[in-house]
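Working notes for the structure below.
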Amino acid sequence: MKNIKIFALLLFAATGLLSCKKSYVIGGDLFKANVNMTTYDYLKTNHAFDTLVIMIDKMQLKNDVNSSGTFFALTNYSIHNYILAKQTQLQIQLNDENFKLKFDSLDFTSLKDSLRAYMFKDKYTRDNLTQTGVYATALDGEKRLINLRPTTDYTNNIFTTDPQYIYLTKVLPLTPGGPVPVDISGVLAADPKQLFTVLCQTTGIITTTGILHVLSNNHTFTYFDAVVN
Amino acid sequence: MKIKKLKYTAGLLLIAGLVSVTTSCKKILDLEPHNSTFTSAYFTNGIDANTAIAGAYALLRSALLNKTSFHVYGDATALEFSINSGQDDAAYNISNGEFTGLNVDGGFWNWTNYYQLLQQINLIIVKVPDIPIGTFANQDDKQRIIGEAYFLRAFTYFYMSRIWGDVPLKLTPDLDISQAKNIPRTPAADVLKQCLADLKIAENDLVFGYTDPSQQAVRANKGSAFALEAHIQAWLHNYAACDVAAGQVIDNGQYQLVEDTSQFSKIFIGKSSEGIFEINISYGQSEGIALAGPNNPGYAPTLSFPFIYSKSNLEWPLSTVYIKQLFNDTDSKKDIRYQKYFFQPESNAGQTIKYANITYADGSAKNDPRLSNNLNIFRLSDIMLLRAEALNHLGRDAEAIVLLNKVRNRALVHSITSESGDELAQTILEERLRELFYEGQSFYDLVRTKKVSNPLSGFIDQYNSSFSDTKLALGANYWPIDPAMFKDDLTLTQTPYWVGKL
């Protein structure tokens, strides 16, 4: 009788020691915001940024990307949207409706600052942003509004506090050539028509060099669709 | 002694109880519920007639607003929008001309709502004439209510006929459900003929203008009836009759274009001086549309932030192709409509803000938006352009240009001076597409303007549309009907174009 008791105890201990070694999470691991590589290297691993990486290489902006605290990455779609919009503009200018613009024939030197407008020195994450937001200076010297905005998408008001998305906003002058606001109070007072906002479809990827947010596929590089008017 | 007394009392009580049970309750049980609405108890006085017609307007409102169908039928199909298939796949497929496409549900094919409305209208038409005129607080009401009922019947059948073509024509109410008969689809030509006959009665019964300003445009009057007649005649390509009816609206209707551009948005809030017929949607009267929340069906697909504070999705962004085609003139950017109807139209997230009068029921929390814009069915500039179209077809181009320019000048764009024939016809069509953007008219305008002599040459091919003249000739613009309706009605047949495609 005593033996059985000891045997049972042993068996129990053995099961306890031997089982549960493997992780029972199948199909990946728990969410980690950190990726153990530089921003540039991370962009290279994800095919959504193929065109962006080529562009960074051609512009030789790899160091700028890795030295920026926050980078709003464009997906291939955003660059494609830009080429389509630019092509339409050139077709009208050249009066040739069959004109085709290729990615390779873009003037990458002159577009360097346009890409720098998506890079910021400081780190902006969900934690240090508010609904008012910051009117931050990008690496090219232009200013962009970065803020949070509540949304009822997918939740339909079931929470007392709505979830929030991060937006990157370019503030345009009210009339072409007019002044743009210089500080956040000026942005708050601006006509909503002046604010061209882009949703970030993925946010808060932490690389070894900074924070990476990904802009919506709908976005057009340089806000070109908004500038033409 | 005590027990005896108790027995005596109990016996007395028992007798009293028996007597009361057998004699009482007769009357109480025979009484009708005082708020009874069954037909023989209803329609006895003027108040009943007034509430019945108000009920008919309410049914019309719910039928038109159901699933945003007013804009799906009339606007999504005209490719005014680049609908986001990830967020509204049904409307995306519909905009491609696929009325039976993936995720397009039977609600768009089902006309049950409209027959509920028609039952109510037919009841009014049959019952109200028998109500003694003395029971009406205002004795003019009786004739007016009958006129409005005939107007609503004509409108409903015309609206349905533009959607489905042939529809069952039912002109009497079902007073006894067991006697209700199924009737087959009546040819569209006969349906529209009946509409015109109904309108003749409505035009006689109704008067121009409104004595009660709160009823402006949201109750039909003589002007509304003539506006509807103009639309039906144009749809039938009877342009001479269209000209006469539209002329009645313009000359005698007491309507005026809103010339003050700062008051422009009031046209879409409703009851403006140019409103001819509108569906009442007013938060101030607790009749707004709730646009968010788990149980609120309201849907504003052309709006998002900043007009609806917490909405980040834009299901129906403007089609930049279509906008650029319509506003391609040198002074298009000065066009007041380009500035006031749209928000950031150049971007790929352009919003249509005609109907963007939002009030938040929860104040500064901004989580409970309510839409408070009437739905415009007919308005003066619509009828002016329709008359211009008719005059152009009748070869009276000079008169057409006068009307066209009135609408153009109001929008601060230059006048047309020397155009004629087909060129002018297309200019008038484009003016309609600009002026009546997102007002449930554009698709029907594109369908209607095909040439009478040659149905295979219209303008629709030129508007990047999913429809071509060939498809229109086959009847692809008419919607299929819901297979669920065949279950109880074997006399129904499917819309010819969609046979075998469902």
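The values are calculated or read from the model by the stated rules, or taken from the named source; none is laboratory data. All values derive from a computational prediction rather than experimental measurement. Please note: Cβ atoms are built from the backbone with ideal geometry, for glycine as well, and neighbour counts cover all protein chains shown.
Answer yes or no: is there a residue in the stretch B:310-329 that is within 24 Å of the chain's Cα centre (by Cα), of a type in the set (Phe, Trp, Tyr) and part of a helix (DSSP H, G or I).
No, that holds for no residue.
Given the criterion loosely packed, with under 13 Cβ neighbours inside 10 Å and modelled with pLDDT of 95 or more, identify the matching residue among B:Ala58, B:Ala54.
Going through B:Ala58, B:Ala54 in turn, the sole match is B:Ala54.
Scan the stretch B:203-217 and tell me whether some residue there is touching a helix residue (DSSP H, G or I) at 6+ places or on another chain (Cβ under 7 Å), in a helix (DSSP H, G or I), over 26 Å from B:Asp397 (Cα atoms) and in contact (Cβ under 8 Å) with a residue 60 or more places away in the chain.
yes
Within the stretch B:332-359, work out how many residues are part of a loop (DSSP other than H, G, I, E, B), of a type in the set (S, T, N, Q) and more than 10 Å from chain A (Cβ to nearest Cβ).
1
Taking the criterion of being touching a Lys or Arg at 6+ places or on another chain (Cβ under 9 Å) and free of Cβ contacts under 8 Å to residues at least 40 places away in the same chain, would at least one residue in the stretch B:169-176 satisfy it?
Yes.
Working only within the stretch A:216-229, note down all residues that are in contact with a helix residue (DSSP H, G or I) (Cβ under 6 Å, 6 or more places away or on another chain) and either facing another protein chain (nearest Cβ under 9 Å) or within 25 Å of A:Pro150 (Cβ to Cβ) (or both).
Those that are in contact with a helix residue (DSSP H, G or I) (Cβ under 6 Å, 6 or more places away or on another chain) and either facing another protein chain (nearest Cβ under 9 Å) or within 25 Å of A:Pro150 (Cβ to Cβ) (or both): A:Asn217, A:His219, A:Thr220, A:Asp225.
For residues that are within 13 Å of chain A (Cβ to nearest Cβ) and not hydroxyl-bearing (Ser, Thr, Tyr), tally how many sit in the stretch B:315-331.
The total comes to 9.
Say whether the condition of being outside any helix (DSSP H, G or I) and closer than 24 Å to A:Asn218 by Cβ is met by at least one residue in the stretch A:56-69.
The answer is yes, given that some residue of the stretch A:56-69 is outside any helix (DSSP H, G or I) and closer than 24 Å to A:Asn218 by Cβ.
Filtering the stretch B:284-297 down to residues that are part of a loop (DSSP other than H, G, I, E, B), within 12 Å of chain A (Cβ to nearest Cβ) and surrounded by 10 or more Cβ atoms within 10 Å (Cβ to Cβ), which residue is modelled with the highest pLDDT?
Here the residue is B:Leu291.
Based on what the data block shows, is A:Phe49 on the phi < 0 side of the Ramachandran plot and modelled with pLDDT of 95 or more?
When the stated conditions are applied, A:Phe49 passes them.
Look at the stretch B:81-117 and say how many of its residues are more than 25 Å from B:Asp166 (Cβ to Cβ) and not small (Gly, Ala, Ser).
9
With respect to A:Leu174, is the statement that it is touching a Cys at 6+ places or on another chain (Cβ under 7 Å), more than 10 Å from chain B (Cβ to nearest Cβ), not in a helix (DSSP H, G or I) and not basic (Lys, Arg) true?
So A:Leu174 fails the test.
Would you check which residues across the stretch A:194-213 are polar (S, T, N, Q) and either within 14 Å of another protein chain (Cβ to nearest Cβ) or touching a helix residue (DSSP H, G or I) at 6+ places or on another chain (Cβ under 7 Å) (or both) and list them?
Listed by number, the residues that qualify are A:Gln194, A:Thr197, A:Gln201, A:Thr203, A:Thr207, A:Thr209.
Quick check: anything in the stretch B:61-76 modelled with pLDDT of 90 or more, among the β-branched types (Val, Ile, Thr) and within 30 Å of B:Pro173 (Cβ to Cβ)?
yes
Please state which one of A:Thr160, A:Thr109 is under 26 Å from B:Leu314 (Cβ atoms), loosely packed, with under 13 Cβ neighbours inside 10 Å and either of a type outside the set (A, V, I, L, M, F, W, C) or touching a residue at least 40 places away in the same chain (Cβ under 8 Å) (or both).
A:Thr160
Could you tell me whether B:Gly288 is touching a Ser or Thr at 6+ places or on another chain (Cβ under 6 Å) and in contact (Cβ under 8 Å) with a residue 60 or more places away in the chain?
Spelling it out, B:Gly288 is indeed touching a Ser or Thr at 6+ places or on another chain (Cβ under 6 Å) and in contact (Cβ under 8 Å) with a residue 60 or more places away in the chain.
If you check every pair at least six apart or on different chains, which have Cβ atoms under 7 Å apart with a residue in the stretch A:136-153 that is within 14 Å of another protein chain (Cβ to nearest Cβ) first and a residue that is crowded, with 18+ Cβ neighbours inside 10 Å and among the charged types (D, E, K, R) second?
A:Pro150/A:Asp162; A:Thr151/A:Asp162; A:Thr152/A:Asp162; A:Thr152/B:Lys311
Starting from the stretch A:173-199, take each residue that is within 25 Å of A:Asn218 (Cβ to Cβ) and of a type in the set (Gly, Ala, Ser) and list its partners that are modelled with pLDDT of 90 or more and not in a helix (DSSP H, G or I), counting only C-beta distances under 8 angstrom and pairs at least six apart or across chains.
A:Ala190/A:Val171; A:Ala190/A:Pro181
Considering only the stretch B:259-281, state which residues are surrounded by 21 or more Cβ atoms within 10 Å (Cβ to Cβ), not aromatic (Phe, Trp, Tyr) and not in a strand (DSSP E or B).
The answer is B:Ile267, B:Gly270, B:Ser272, B:Glu274, B:Ile281.
Output the qualifying pairs, or none if there are none: Cβ atoms under 8 angstrom, residues six or more apart or on different chains, first residue in the stretch B:357-380 and without any contact (Cβ under 8 Å) to a residue 40 or more places away in the chain, second residue among the polar types (S, T, N, Q).
none
Can you name the number of the only condition in (1) more than 30 Å from B:Pro306 (Cα to Cα); (2) within 14 Å of chain B (Cβ to nearest Cβ); (3) surrounded by 19 or more Cβ atoms within 10 Å (Cβ to Cβ) that A:Leu52 fails?
Among (1) more than 30 Å from B:Pro306 (Cα to Cα); (2) within 14 Å of chain B (Cβ to nearest Cβ); (3) surrounded by 19 or more Cβ atoms within 10 Å (Cβ to Cβ), A:Leu52 violates only (2).
How about the stretch B:397-502: which helices (runs of 4 or more DSSP H) wholly inside it have at least 2 residues that are out of contact with any His (no Cβ under 7 Å at 6 or more places or on another chain) and closer than 27 Å to B:Thr68 by Cβ?
Passing ranges, in order: B:421-435, B:442-448, B:469-473.
If you check A:Asp191 against the conditions, is it within 14 Å of another protein chain (Cβ to nearest Cβ), farther than 17 Å from B:Lys311 by Cα and exposed (fewer than 15 other Cβ atoms within 10 Å of the Cβ)?
Yes, satisfied.
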